[in-house]
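Below: one structure, written as structure tokens.
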Amino acid sequence: MEDVLGRGTVMESPRGDRGLTAAEVAERVAAGRTNAVDAQTSRSVGQIVRANVVTPFNGLLFALFLVIAATGRWQNGLFGLVIVANTAIGVIQEVRAKRTLDRLAVLNAPHARVVRDGEVAEIEVADVVADELVELRSGDQVTADGTVTASAGLEVDESLLTGESDPIAKVPGDQVRSGSIVVAGQGRFRATAVGADAYATRLTAEAKKFTRTPSELISGTNTILRWISVMMLVVAPLLVWSQFRTSDADSWQDAVTGTVAALVGMVPEGLVLLTSLAFMLGAVTLARKRTLVQELPAVEVLARVDVVCLDKTGTLTHGDIVFDRLVLPRDADPLAEAEVREALALSCTEPGGNATAAALATVFSHTSWTATANVPFSSDRKWSAVGAGEHGTWVLGAPEMVLPEPADPGSADLLETAGKIAEDGRRVLVLAHADDMVDGPVLPPLLEARALVVLAERIRDDAADTLRYFAEQGVSLRVISGDNPRTVGAVATAVGLPGITAAADAVDARTLPEDPDALADVLEANPVYGRVTPQQKRAIVGALQRRGHVVAMTGDGVNDAMALKDADIGVAMGNGAAATRAVAQLVLLDGRFAHLPDVVAEGRRVMANIERAANLFLVKNVYSLLMALVVIATAAAYPLAPIQLTLISAVTIGIPGFVLALAPNRRRYVPGFLPRVLWSAVPIGVVIGTAAYSGDRTIRWLEPTGGLVAGQTVATVTVLVASLWALTLFARPFTRWKVLLVGGLALAVVVILAVPFLSATVFLLDVTWLRVGVGVGLGAVAGVVIEVIGRVVRSRSAAA
């Protein structure tokens with residue numbers, strides 16, 4: 001049969017090596033035997049509408065709106081607009097986010113190479129059909145279950161399936177399972193299980209899926225909502241009882257209005273919406289910067305990252321390595337150089353080649369030798385080998401891995417030269433020769449160095465600025481690379497990585513301890529590591545996590561896939577291996593490491609601002625609940641009408657909450673969202689609720705004939721003043737636009753109080769100088785107490 005994969009590899013297949021015909025493919029597509037699954041990268045528009053409309057609190061608000069409508073007091077039903085606004089904003093923003101994320105997901109979708117009618121074609125994974133002949137190369141993820149038909153040093157990592165990280169050699173007749181990763185060599189397999197029957201499609205679809213995976217913020221928000229729901233179930237019947245027996249209720253309409261006002265105040269109508277929108281807008285913002293967020297809660301993790309592990313290639317340097325020069329022994333003659341060139345040409349044209357082979361192939365492209373054996377490059381071994389018959393075996397790889405203890409003086413001299421070249425930041429490989437033929441992934445004995453292959457990498461122009469950003473933000477960096485430690489150290493020094501001053505400071509990963517605690521001690525002291533194996537990358541991530549760090553891991557090669565999966569946040573390069581993109585939460589679509597500061601900054605902005613907004617919402621819930629409990633105990637009328645609570649919510653929570661949620665914020669998020677929010681919001685809410693009820697009682701004492709309207713007017717002014725003060729507390733540190741925001745809201749309140757139509761007709765307030773004076777005075781006193789609480793909370797947080 002024709003040799004289609006490379007020298008010495010013959011296709012073994014019951015159908016030959018031409019794959020399926022177009023007619024056979026059409027037959028299987030018609031029968032539904034494809035790799036397509038019923039999965040979406042995001043929710044459908046219908047699901048989005050239902051999720052935003054059909055919510056418990058929307059249902060409650062709508063029911064309360066119907067009750068108020070029955071009273072005929074239309075102003076008090078304006079809170080029903082909250083339902084419309086929440087739903088409209090949520091649907092519009094989520095649909096926009098869906099379209100953006102879906103478009104990017106399609107651009108980043110995985111592909112498969114298949115053989116059809118004798119031609120290799122690249123198609124979407126979903127278009128692979130049963131009995132398809134699929135071609136595999138290093139870095140590919142197996143897209144279906146099947147039987148190997150051809151192998152050229154094919155090795156597969158099945159750790160995503162079995163947890164075992166050792167690569168498994170595959171020969172014709174062996175089974176491959178979807179989801180596994182090709183780490184070396186090349187081959188083909190016949191698909192026997194596709195679609196829902198195969199694992200990889202589900203894995204890839206899950207990686208792309210629009211998810212609401214539980215997070216601390218979502219969990220904390222849900223906890224708040226559960227407790228509020230329970231309290232409302234308990235308080236509601238007691239409120240009805242108290243409001244119908246109060247002397248201030250002249251009619252059933254008054255009693256119903258008071259009950260509805262108390263319940264509306266306890267509904268956190270915008271908190272869930274704001275949290276969801278913040279995640280989605282964060283994802284869309286990153287999408288504009290060519291970063292695909294594959295799991296929305298990853299935005300939260302970004303805010304907590306304090307250690308970034310990164311590779312050298314593709315991050316600090318451009319990934320496109322180029323051949324620089326050959327270094328031969330001093331006594332090398334022209335015949336020896338010709339042999340070296342033949343060997344390099346043979347090595348880089350063998351199947352299973354990597355980026356190094358591609359770089360060499362541009363220079364060493366023709367050979368008259370014939371390969372009789374081949375060991376593809378492996379990131380574990382860090383060398384490849386080719387047998388050339390009577391010309392012996394030629395091994396190309398890392399000098400310290402190929403010749404750890406050179407036996408002859410010439411090899412020792414070359415390796416010494418390699419060390420000096422590596423100190424300048426160059427990548428150096430050694431080409432060694434042995435008379436014995438290579439037998440599997442084991443170095444032949446009596447290897448002799450014949451040449452050094454020097455490769456060049458260009459340092460990225462934006463690398464130094466990116467590292468400087470992380471240093472300023474308190475994020476530490478660990479460079480973990482498979483390259484020579486001195487090479488990695490030289491690059492790290494050149495870009496100004498904190499903690500390293502010379503190439504010799506880099507740590508050789510072969511000296512790292514296996515004990516996690518001992519490894520963590522080394523990691524805390526040293527930022528740069530070379531000759532790191534894929535297993536060590538996973539161990540490094542795990543050791544840092546054991547010390548309480550939140551770890552982001554970047555990578556583009558198949559050897560990074562498992563470390564990305566283990567990290568708190570995996571960041572894959574868009575031009576990297578399919579396996580890394582499948583397991584990462586974030587994909588830098590254009591492969592630029594310089595986007596990572598934007599990614600981290602966006603995560604911090606979203607989380608810090610959500611916490612701010614959550615404080616505002618919870619303060620209102622607390623003071624509304626406190627006033628409800630007081631009126632239940634005293635049989636007094638609730639001191640606020642629904643329309644007045646709508647005004648308070650809009651001015652002190654809704655408008656500023658959404659503005660602040662979109663504001664810049666670089667504060668690193670730390671765990672403890674719910675306790676922090678409760679620690680500040682509960683005492684502030686108690687203060688505001690106490691001040692509001694005090695205002696109602698005070699004006700009734702000063703104006704015995706003022707009645708309920710006078711009490712509502714003073715309580716409204718008191719809550720507005722105190723809540724605006726609380727807003728200034730949560731909005732700090734002040735900037736010009738924040739001052740303008742708070743000033744504008746305060747001015748709006750003044751206008752409403754000063755214009756009779758707005759104050760009396762719309763918001764049902766009876767404004768007099770005395771009532772405004774009492775309200776402002778009590779609000780100011782409450783503001784001073786709030787300020788003290790804020791300073792105590794800040795000092796407590798700083799001490800923690």
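Here's the yes/no breakdown for (1) outside any helix (DSSP H, G or I); (2) at pLDDT below 75:
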residue: 147; (1), (2): yes, no
residue: 182; (1), (2): yes, no
residue: 201; (1), (2): no, yes
residue: 207; (1), (2): no, yes
residue: 210; (1), (2): yes, yes
residue: 221; (1), (2): no, yes
residue: 225; (1), (2): no, yes
residue: 239; (1), (2): no, no
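Can you find a residue in segment 587-604 that is over 30 Å from residue 315 (Cβ atoms) and either in contact with an Asp or Glu (Cβ under 7 Å, 6 or more places away or on another chain) or in a helix (DSSP H, G or I) (or both)? Write out each step before concluding.
The initial filter retains those residues of segment 587-604 that are over 30 Å from residue 315 (Cβ atoms), namely none.
No; the residues of segment 587-604 include none that is over 30 Å from residue 315 (Cβ atoms) and either in contact with an Asp or Glu (Cβ under 7 Å, 6 or more places away or on another chain) or in a helix (DSSP H, G or I) (or both).
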Checklist line | Condition broken by residue 630, with the remaining ones in (1) β-branched (Val, Ile, Thr); (2) surrounded by fewer than 23 Cβ atoms within 10 Å (Cβ to Cβ); (3) over 19 Å from residue 230 (Cα atoms) satisfied | finding: (3)
Check: If we keep just the residues of segment 338-354 that are at pLDDT 90 or above and not aliphatic (A, V, I, L, M), which is surrounded by the fewest Cβ atoms within 10 Å (Cβ to Cβ)?
Finding: 341
Next item on the list: Kindly list the number of the only condition in (1) at pLDDT 75 or above; (2) closer than 30 Å to residue 26 by Cα; (3) assigned to a helix (DSSP H, G or I) that fails for residue 104.
Entry: (1)
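Quick check, is residue 764 touching a residue at least 40 places away in the same chain (Cβ under 8 Å) and under 35 Å from the mean Cα position of the chain (by Cα)? Spell out the reasoning first.
Numbers: touching a residue at least 40 places away in the same chain (Cβ under 8 Å): yes; under 35 Å from the mean Cα position of the chain (by Cα): no.
Against the criterion (touching a residue at least 40 places away in the same chain (Cβ under 8 Å) and under 35 Å from the mean Cα position of the chain (by Cα)), residue 764 does not qualify.
Answer yes or no as to whether residue 798 is assigned to a helix (DSSP H, G or I), at pLDDT below 90 and not basic (Lys, Arg).
Values: assigned to a helix (DSSP H, G or I): yes; at pLDDT below 90: yes; not basic (Lys, Arg): yes.
For residue 798, the condition - assigned to a helix (DSSP H, G or I), at pLDDT below 90 and not basic (Lys, Arg) - is met.
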Notebook entry, point to check: Can you name the number of the only condition in (1) of a type outside the set (Gly, Ala, Ser); (2) assigned to a helix (DSSP H, G or I); (3) free of Cβ contacts under 8 Å to residues at least 24 places away in the same chain that residue 560 fails?
Noted result: (3)
Note to self: Pairs needed: first member in segment 395-416, crowded, with 20+ Cβ neighbours inside 10 Å; second member anywhere, acidic (Asp, Glu); C-beta distance under 6 Å; at least 6 residues apart or different chains.
What the structure shows: 411/448
Note to self: Checking residue 357 against (1) small (Gly, Ala, Ser); (2) at pLDDT 80 or above; (3) not assigned by TED's automatic domain parsing to the domain that holds residue 452, only one condition comes out false. Which one?
What the structure shows: (3)
Notebook entry, point to check: For residues in segment 656-674 being of a type outside the set (Phe, Trp, Tyr), at pLDDT below 85 and assigned to a helix (DSSP H, G or I), which is nearest to residue 257 (Cα to Cα)?
Noted result: 657
Check: Taking residue 264, is it at pLDDT below 75, within 24 Å of residue 221 (Cα to Cα), surrounded by fewer than 24 Cβ atoms within 10 Å (Cβ to Cβ) and among the hydrophobic types (A, V, I, L, M, F, W, C)?
Finding: no
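Within the bounds of segment 718-726, is there any residue that is more than 30 Å from residue 665 (Cα to Cα) and of a type outside the set (Phe, Trp, Tyr)?
Our first condition is that a residue be more than 30 Å from residue 665 (Cα to Cα); within segment 718-726, this holds for 718.
Then drop every residue that is not of a type outside the set (Phe, Trp, Tyr), which leaves 718.
Looking through segment 718-726, at least one residue is more than 30 Å from residue 665 (Cα to Cα) and of a type outside the set (Phe, Trp, Tyr).
Does segment 480-490 contain any residue that is surrounded by fewer than 17 Cβ atoms within 10 Å (Cβ to Cβ) and out of contact with any Leu (no Cβ under 6 Å at 6 or more places or on another chain)?
Taking every residue of segment 480-490 in turn, none turns out to be surrounded by fewer than 17 Cβ atoms within 10 Å (Cβ to Cβ) and out of contact with any Leu (no Cβ under 6 Å at 6 or more places or on another chain).
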Next item on the list: Tell me which residues, restricted to segment 761-790, are crowded, with 18+ Cβ neighbours inside 10 Å and small (Gly, Ala, Ser).
Entry: 775, 779, 782, 783, 790
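The values are calculated or read from the model by the stated rules, or taken from the named source; none is laboratory data. The shown structure was predicted, so the numbers you read here are calculated from the model rather than taken from an experiment. All Cβ positions, even for glycine, are placed from backbone atoms using ideal geometry, and neighbour counts span all protein chains on display.
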